[in-house]
Amino acid sequence: MSDEDRIKNLEDTVHQLRIETHVLREIMGQQIALNNLNYKGKFDDVLEALAKEYAGRGLDEGDNRDIHDAVRQYIKYEPPSMD
């Protein structure tokens, strides 16, 4: 792997980590808001709304598509079973 390839790989990794950090902060803020309300729905509904919010901001603007896609991955995430 050339130096340019390694640099590009590292830049891509840093970008993905920035997106994940942003998404986790957003989710944490939503969770805090839910804890402060008498919310009877599912947390996945909040994630869905957050994904729609970023889609509404324009998926071609800045990191919105990456953020939207990362939030959607959290919706699809299934923790390992405890068997």
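Coordinate-derived values only; no laboratory data. Quick caveat: nothing in here was measured; it's all calculated off a predicted structure. Counting neighbours? That spans all protein chains shown, and the Cβs are built from the backbone with ideal geometry, glycine included.
Of note:
- Listed by chain and number, the aspartates and glutamates whose C-alpha is less than 19 Å from the C-alpha of LYS8, apart from same-chain residues fewer than 8 away, are GLU20, ASP63, ASP66.
- Spin-label pair ILE32/ASP45, simplified geometry with 7 Å Cα→Cβ offset, distance in nm: 2.3
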